[in-house]
Amino acid sequence: MSTPSTPSTPSAPSAPSTPVDDDPLARERAHLASSRSALRAMREDVEALDISDVTANWVNAQILERQIEERIKALADLSHTPLFFGRLDYLHAPGAERAEGAEGEQFYIGRRHVHDVDGDPMVIDWRAPVSQPFYRASKKDPMDVGLRRRFGYTGGDLTAYEDEHLSDPAETARTSKLLQREIERPRVGPMRDIVATIQPEQDEIVRSGLGGTVCVQGGPGTGKTAVGLHRVAYLLYAHRERLARTGTLVIGPNRSFLHYIEQVLPALGELAVRQGTVDDLVAHVEVRGTDDAAAAVVKGDARMAEVLRRAVYSHVSMPSEPLVVVRGSRRWRLPAYELEEMVRELLDRDIRYGAAREALPQRIAHAILVQMERSGEAPDDRVQDAVARNSAVKAAVKEVWPAVDPAKLVLRLLTDADFLAEHAKGVLSEDEQKTILWALPGSGRRPARSVKAARWSAADAVLIDETTDIVERTHSLGHVVLDEAQDLSPMQYRAVGRRCTTGSATVLGDLAQGTTPWATRSWQEALGHLGKADAVIEELTAGFRVPTDVITYASRLLPHIAPGLTPVASVRENPGFFDLRPVAGTAEVVAACEELLRNEGSTGLIAADARIPALAEALSASGIGHLAPGEETTAETRLTLVPASLAKGLEYDYVVLDEPQAVVDGEPDERTGLRRLYVALTRAVSGLIVTHAAPLPPQLD
């Protein structure tokens, strides 16, 4: 590997000090300028499209206009985002026979494809097969690559390059300085893509096929969120038509997290991916109430699915009277036993409650038509439809197989002790039933007169979603990414699984960071609830974000919160800044923030939720502006005040962690508190100061 070529004073792409032909850096800058011009021309070509004579109607015109607008947005040239970050020089043309003397090809690897006026590629999309060796090739397996070149940028200017001669046995393998520099670059603003730094083990997950579900267990800083987002971008590249029809969805733990990651996919040219939370998926009712931990655990248990199924199908009753249908002067009689056979057959088929209810009138009508044909009539499909709509048939169906309103059914289960006991028998214990009933003393929930008046909790909404699916099948998407999955209940996994029954999923999480009372105990169990028991489980253990000293300190908690998990091993050369600092009060915490703000990049002050108001007041009194989680940092305001409950998934260049013991004490049990502390300890990219007036948790000794 050659030493990075870096000018002593980075110069602008124009006016190189030596002729372009003799200066490799100048040649690369010239190619960057030409590529930007080509991208601008591609965008102008799309903007100049005239569709006035192409579309037959206004609906098609609107669809085409929207597609053109999205294409124009996808071709935007972001001035501070490098158009390409690497170059591959193949020994032979990819796909060609490797004959001696055959000429190789050169490809620039970037965030999107760029071609010149003749259609020849100037930049190759990082997702293209020809780009794969940029991430996978090594000295042991050069993949027919003679040279891999990485580029370094300052702002939007190309200022350095670094070469690896992968097929040269005389050159030894070394760690890329530019790669390290990119990994350790300060984090200001929302999360960014990692296309320039994807590692081989990450790339293998990113490029895994659409047909299978992948579960990624990854400790703090291993890049699991970025891997999941880049996998979406790759799948949209490789299977665009299919996913355009079926749709993709990224599910995050909260709005702050989604706001933090929302720019990653657009930066890669992907604008059509929906983002939301599990609460968004199940928003059948307005959530205004909360559950205590015990009730939430029972409601989130997968056994509730059986209780709900029993309650729904309890509405079906066997007919006791024959059905008489009058048409003109004729009366057609269907015996009760035949009606019962139809009902039992539909029950045995195990189809959705609503689908069976819709099928029953047609079954009845068909039986009546058979009688008509036997009597010499020649009825057609129109007659069958008319019979199915007959008032007597409708009345019989309403009696035997009545409609079920999911929200009303769940409301009855939670407020009617006898109804719940009937359908939870053998599934939930009596104590568990009492735990979720609203009307009992101590439940904190009074019976509601109606669905609208009820103070539904988030767990109740999931129950309604489950019931809705029992009645009517939930629409399935082509691919779903589920991040921070370790915090989901089994019933929430089922809710997500319903959105990808015919598609696939990417499940991302860390068992050590589970901070809910129902946190995931094993990925095998979670994937079973998701309906993807055959998913491949991958583990990422190389840490790219958290400095060595910080992750080593935080890993002291692992034996207490997730025994058996492999600790993250930081691959960063910079050990980072780490300090344990006893303090007397909030003034010294503010001073620590001021100290870290002298550095470039973002700073986060993380504290137990109960301490946030006092810290906010102290910051304001000192004249330090601060943001809430998810708000974008600016040059003037680079400090974010973060409640520990919202820290998961976020990252900052520097972090002040206030009172670790208070973070632990803010949770209902010690294990959950220690997991919350583990999350808070691992949000720093470059440095961490832990301030404490109280003794530190003994698990950190």
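Of all the listed residues (607, 562, 628), the sole one being modelled with pLDDT under 95, in contact with a strand residue (DSSP E or B) (Cβ under 8 Å, 6 or more places away or on another chain) and closer than 22 Å to residue 644 by Cα is 628. Contact map, the range 539-566: residues that are free of Cβ contacts under 8 Å to residues at least 12 places away in the same chain and within 15 Å of residue 223 (Cβ to Cβ) paired with residues that are buried (at least 22 other Cβ atoms within 10 Å of the Cβ) and of a type in the set (D, E, K, R), Cβ distance under 7 Å, separation 6+ or inter-chain. No pairs are found.
The set of residues in the range 633-659 that are closer than 23 Å to residue 181 by Cα, in a loop (DSSP other than H, G, I, E, B) and either polar (S, T, N, Q) or touching a residue at least 60 places away in the same chain (Cβ under 8 Å) (or both) comprises 633, 634, 638, 649, 650, 651. One residue stands out among those in the range 182-235 that are assigned to a helix (DSSP H, G or I) and of a type in the set (Lys, Arg): the one that is least open to solvent (accessible area, probe 1.4 Å), which is 231.
For the range 353-396, filtered to residues that are charged (D, E, K, R), in contact with a Pro (Cβ under 9 Å, 6 or more places away or on another chain) and in a helix (DSSP H, G or I), the residue that is least open to solvent (accessible area, probe 1.4 Å) is 357. So is residue 213 closer than 23 Å to residue 84 by Cβ, in contact (Cβ under 8 Å) with a residue 12 or more places away in the chain and of a type in the set (Val, Ile, Thr) or not? Judged against the criteria, residue 213 is not a match. Quick check: anything in the range 579-599 farther than 19 Å from residue 689 by Cα, out of contact with any Cys (no Cβ under 7 Å at 6 or more places or on another chain) and open to solvent by 60 Å² or more (accessible area, probe 1.4 Å)? No, the conditions are met nowhere in the range 579-599. Considering only residues in the range 634-653 that are of a type outside the set (D, E, K, R) and in contact with a Pro (Cβ under 9 Å, 6 or more places away or on another chain), the one that is nearest to residue 599 (Cα to Cα) turns out to be 640. Do we find that residue 605 is touching a residue at least 24 places away in the same chain (Cβ under 8 Å), open to solvent by less than 70 Å² (accessible area, probe 1.4 Å), closer than 28 Å to residue 486 by Cα and part of a loop (DSSP other than H, G, I, E, B) in this structure? No; evaluated as a whole, the condition is false for this residue. All conditions but one from (1) among the aliphatic types (A, V, I, L, M); (2) assigned to a loop (DSSP other than H, G, I, E, B); (3) over 30 Å from the mean Cα position of the chain (by Cα) apply to residue 160; the one that does not is (2). So which residues in the range 262-309 are open to solvent by less than 70 Å² (accessible area, probe 1.4 Å) and under 30 Å from residue 123 (Cα atoms), if there are any at all? Matches in the range 262-309: 262, 264, 265, 266, 267, 268, 269, 270, 273, 275.
If you go through the range 649-700 and keep only what is basic (Lys, Arg), open to solvent by 10 Å² or more (accessible area, probe 1.4 Å) and closer than 17 Å to residue 568 by Cβ, you end up with just 675. Condition check: in contact with a helix residue (DSSP H, G or I) (Cβ under 8 Å, 6 or more places away or on another chain), free of Cβ contacts under 8 Å to residues at least 60 places away in the same chain and either outside any strand (DSSP E or B) or among the basic types (Lys, Arg) (or both). Does residue 340 satisfy that? Criteria not met by residue 340. The residue list 49, 64 contains one member that is modelled with pLDDT under 90, outside any helix (DSSP H, G or I) and of a type outside the set (Gly, Ala, Ser), which is 49. Evaluate the following for residue 399: is it surrounded by fewer than 17 Cβ atoms within 10 Å (Cβ to Cβ) and part of a helix (DSSP H, G or I)? Yes, satisfied. Scanning the range 236-253 for residues that are without any contact (Cβ under 8 Å) to a residue 40 or more places away in the chain and open to solvent by less than 20 Å² (accessible area, probe 1.4 Å) yields one hit, 236. Across the range 321-330, not a single residue is classified as at pLDDT 95 or above, open to solvent by 70 Å² or more (accessible area, probe 1.4 Å) and not β-branched (Val, Ile, Thr). Being within 15 Å of the chain's Cα centre (by Cα) and acidic (Asp, Glu), is that true of even one residue in the range 202-217? There is no residue in the range 202-217 that is within 15 Å of the chain's Cα centre (by Cα) and acidic (Asp, Glu). Yes or no: the range 108-123 includes at least one residue that is under 32 Å from the mean Cα position of the chain (by Cα), of a type in the set (Gly, Ala, Ser) and open to solvent by 30 Å² or more (accessible area, probe 1.4 Å). Scanning the range 108-123 turns up no residue that is under 32 Å from the mean Cα position of the chain (by Cα), of a type in the set (Gly, Ala, Ser) and open to solvent by 30 Å² or more (accessible area, probe 1.4 Å). The condition of being acidic (Asp, Glu) and closer than 26 Å to residue 518 by Cβ holds for only one of 658, 701, 609, that being 609. Against the list (1) surrounded by 15 or more Cβ atoms within 10 Å (Cβ to Cβ); (2) free of Cβ contacts under 8 Å to residues at least 60 places away in the same chain; (3) in contact with a helix residue (DSSP H, G or I) (Cβ under 6 Å, 6 or more places away or on another chain), the condition residue 533 fails is (1). Would you mind finding the one in 412, 352, 357, 330 that is touching a helix residue (DSSP H, G or I) at 6+ places or on another chain (Cβ under 9 Å), more than 30 Å from residue 304 (Cβ to Cβ) and of a type in the set (Lys, Arg)? It is 330. Number of residues in the range 493-523 that are among the polar types (S, T, N, Q) and over 21 Å from residue 560 (Cα atoms): the value is 4.
Applying the set (1) of a type outside the set (Ser, Thr, Tyr); (2) open to solvent by less than 20 Å² (accessible area, probe 1.4 Å); (3) part of a loop (DSSP other than H, G, I, E, B) to residue 169 leaves exactly one unmet item: (2).
The values are calculated or read from the model by the stated rules, or taken from the named source; none is laboratory data. Quantities reported herein were computed from a predicted structural model and do not represent experimental measurements. Neighbour counts are summed over all protein chains in view; Cβ atoms, including those assigned to glycine, are modelled from backbone coordinates with ideal geometry. Please note that ligands, DNA and RNA were not included when accessible areas were found on the heavy atoms of the full protein model with its side chains. Shrake-Rupley method; radii C 1.70, N 1.55, O 1.52, S 1.80 Å.
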